[in-house]
């Protein structure tokens, strides 16, 4: 149990590091809060809320992973190289695709509640 608690501490330290150093993380958090508040206001179903929450989690997880890749590449200390650039670019692309997917999911889930004749009508 002590090892598990220590692991949680390391994970939390990672969250704090990403939150302090990555402006995009803070943007994702702000948007996530707006989406969750909108979902609650629109009274989306539990299944819809679960989909939104899962999508938000994926974006945040990939943003943290992107930070990890960038930090690992930078820690090597080698001169800039094409493979290092590709690693950083691919990690950023993962975040980009997740964010675009999150927007689509948000529009689908929340949009139907805002349209005339939608679940809230």
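No value in this document is a laboratory result; all are computed from the given coordinates. Everything numeric in this text was worked out from a predicted model, so none of it was measured. Ideal geometry is used to build each Cβ from the backbone, glycine not excepted, and the neighbour counts take in all protein chains shown.
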- Label 7 Å along Cα→Cβ of residue 114; the stretch 39-74 residues with amide nitrogen under 15 Å? 39-44
- Message: Rounding to the nearest 10 and keeping the result within 0 to 90°, find how far the Cα-based axis of helix 82-114 lies from the longest principal axis of the chain.
- Response: 10
- Points 7 angstrom from Cα along the Cβ direction at residue 93 and residue 40: gap in nanometres? 3.8
- Query: Calculated from the structure, mean projected area of the Cα convex hull in nm² equals which of (1) 10.2; (2) 8.5; (3) 9.7?
  - Reply: (3)
- Beta carbons within 10 angstrom, averaged per residue: use that to sort the peptides 93-103, 71-81, highest first. 93-103, 71-81
